[in-house]
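Worksheet: the structure to be examined is printed underneath.
The values are calculated or read from the model by the stated rules, or taken from the named source; none is laboratory data. Bear in mind the structure is a predicted one, so any value in this text is a computation, not a measurement. Neighbour counts run over all protein chains shown; Cβ positions are idealised from the backbone, glycine included. For the accessible areas, the whole protein counts, side chains as well, though only heavy atoms, and no ligand, DNA or RNA atoms are used. Shrake-Rupley method; radii C 1.70, N 1.55, O 1.52, S 1.80 Å.
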Amino acid sequence: MRPSLLCVLSWMPAALGLMGSPCANAQPPAAKVWTNSLGMPFVRIPAGRFRMGSDESPDALAASYPLMERKRFSLLADEAPVHTVRIRRAFYLGQTEVTVGQFRRFIEASGYRPESEADGTGGYGYNPDYDPATTERGDAFEGRDRRYSWRNPGFAQGEDHPVVNITWHDAHALAAWLSSTEGHRYRLPTEAEWEYACRAGTRTRYPHGDDPESLVRHANTFDQDAAPYWPRWQAQALKGHDGHAFTAPVASYPANAFGLHDMVGNAWEWVSDWHGDTAYAESARDDPQGPAQGSVRVRRGGSWHTWPLYARCSYRNWNSPDTRYTLVGMRLLREVDDSAGSTRKLQPHAVR
């Protein structure tokens, strides 16, 4: 039966002024997808405005994440203040994270050498014989080691899994190559564009709601499939099973209301911004691009190994731009061409 127009409109994002759903069983309409030369699908995201950040109190978070140390909630101050952001132009965003197969095609066509290979230091990877308790940092993964790179994160991946062990510079190189090859402007999304796309009109912790335990039905995060490999952190695992101990094929879980998959979980995603603890209090309200300089770049969205507190839409993490890690990948943005055939020029951040 064809859904009514009212049911279809009820799935349009709240950012466009359409709130609520009169149809209890309504499903989001299929997104219109544009595919590029490497086989990457993109979805057009409309312009709009949204409330960025989180103002949840430590008490509210402690009630929902009772096993987390209380001090962790005080470290989330960079998610505030909540503020209205206007995204003034539509853009295309990757429907999924960049996959192993897509990145491989880029390497073969361009001759680019990812940093994990070019500098000879490798990346990080899963090793069942590695014990985090024996190391000073207590890191969950072994590295840096030349055995590990985007080709080998220490566990099996198919061509349709998200590529990991990707540095910010690697992501920038892919975007630059696509831009010069296709004539469209590709780049990493800004932090504001990313959160706007993740929320897709919602104000909940996750695109699908607030309950951490519901993540097992909507995302690939740290659950009972992954926990046996890291008994040290068993208590932080979700109670259910999402079906994957490591990365999952992209689009294995339901899309959000914009038609985007895996905005939460599977792989952390680099964005263009430098991180700043007080960036939200100081940023522009129209198309903010983050601080003009810094030492670490922001990554968003959590991964297959991420605890539920850190998979929220508002959570901000960061690393130095040359970080290559078992959990970190990317998702690209393609700007919408204007009527003259050129693209809008955001001021690029210098790499420092």
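Being charged (D, E, K, R), over 30 Å from GLY201 (Cα atoms), crowded, with 18+ Cβ neighbours inside 10 Å and modelled with pLDDT of 95 or more is the requirement here; does GLU142 meet it? Here the answer is yes, as GLU142 does meet what is asked.
Taken together, GLU108, GLU136 contain a single residue that is over 20 Å from the mean Cα position of the chain (by Cα), more than 21 Å from PRO249 (Cα to Cα), of a type outside the set (Lys, Arg) and part of a loop (DSSP other than H, G, I, E, B), which is GLU136.
Against the definition (under 30 Å from ASP131 (Cβ atoms) and not acidic (Asp, Glu)), how does SER149 come out, yes or no? Criteria met by SER149. Answer yes or no as to whether ALA251 is within 15 Å of VAL163 (Cα to Cα), open to solvent by 20 Å² or more (accessible area, probe 1.4 Å), part of a loop (DSSP other than H, G, I, E, B) and not hydroxyl-bearing (Ser, Thr, Tyr). So ALA251 passes the test. Considering the range 64-98, the residues that are more than 30 Å from GLY39 (Cβ to Cβ) and of a type in the set (Asp, Glu) include one that is surrounded by the fewest Cβ atoms within 10 Å (Cβ to Cβ), namely GLU69. Restricting GLN289, GLN293 to residues that are without any contact (Cβ under 8 Å) to a residue 60 or more places away in the chain and open to solvent by 10 Å² or more (accessible area, probe 1.4 Å) narrows the list to GLN293. Output yes when any residue across the range 204-225 is more than 24 Å from ALA60 (Cβ to Cβ) and not in a loop (DSSP other than H, G, I, E, B), and no when none is. The answer is no; no qualifying residue exists. Quick check on GLY265: is it under 14 Å from the mean Cα position of the chain (by Cα) and at pLDDT 95 or above? For GLY265, the condition - under 14 Å from the mean Cα position of the chain (by Cα) and at pLDDT 95 or above - is met. Remark: pairs (first residue in the range 170-195, under 29 Å from SER314 (Cα atoms) and aromatic (Phe, Trp, Tyr); second residue open to solvent by 10 Å² or more (accessible area, probe 1.4 Å) and in a helix (DSSP H, G or I); Cβ separation under 8 Å; 6+ apart in sequence or on different chains) = TYR186/ALA176; TYR186/SER179. Here VAL85 passes the criteria (1) in contact with a Pro (Cβ under 8 Å, 6 or more places away or on another chain); (2) farther than 23 Å from ALA251 by Cβ; (3) assigned to a helix (DSSP H, G or I) except the one numbered (3). Is it true that ALA200 is among the hydrophobic types (A, V, I, L, M, F, W, C) and either farther than 22 Å from ALA77 by Cα or open to solvent by 30 Å² or more (accessible area, probe 1.4 Å) (or both)? Considered against the rule, which asks whether it is among the hydrophobic types (A, V, I, L, M, F, W, C) and either farther than 22 Å from ALA77 by Cα or open to solvent by 30 Å² or more (accessible area, probe 1.4 Å) (or both), ALA200 comes out as yes.
A quick yes/no check of all residues on (1) out of contact with any Ser or Thr (no Cβ under 6 Å at 6 or more places or on another chain); (2) free of Cβ contacts under 8 Å to residues at least 60 places away in the same chain; (3) outside any loop (DSSP other than H, G, I, E, B); (4) buried (at least 20 other Cβ atoms within 10 Å of the Cβ):
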| residue | (1), (2), (3), (4) |
| --- | --- |
| HIS261 | no, no, no, yes |
| VAL264 | yes, no, no, yes |
| TRP270 | yes, no, yes, yes |
| ALA284 | yes, yes, no, no |
| ARG299 | yes, yes, yes, yes |
| SER303 | yes, no, no, yes |
| TYR310 | yes, yes, yes, yes |
| SER314 | no, no, no, yes |
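Among the conditions (1) open to solvent by 40 Å² or more (accessible area, probe 1.4 Å); (2) under 21 Å from HIS161 (Cβ atoms); (3) touching a residue at least 60 places away in the same chain (Cβ under 8 Å), the only one that GLY101 does not satisfy is (1). Taken over the range 316-328, residues that are of a type in the set (Val, Ile, Thr), touching a strand residue (DSSP E or B) at 6+ places or on another chain (Cβ under 7 Å) and assigned to a loop (DSSP other than H, G, I, E, B) amount to 1.
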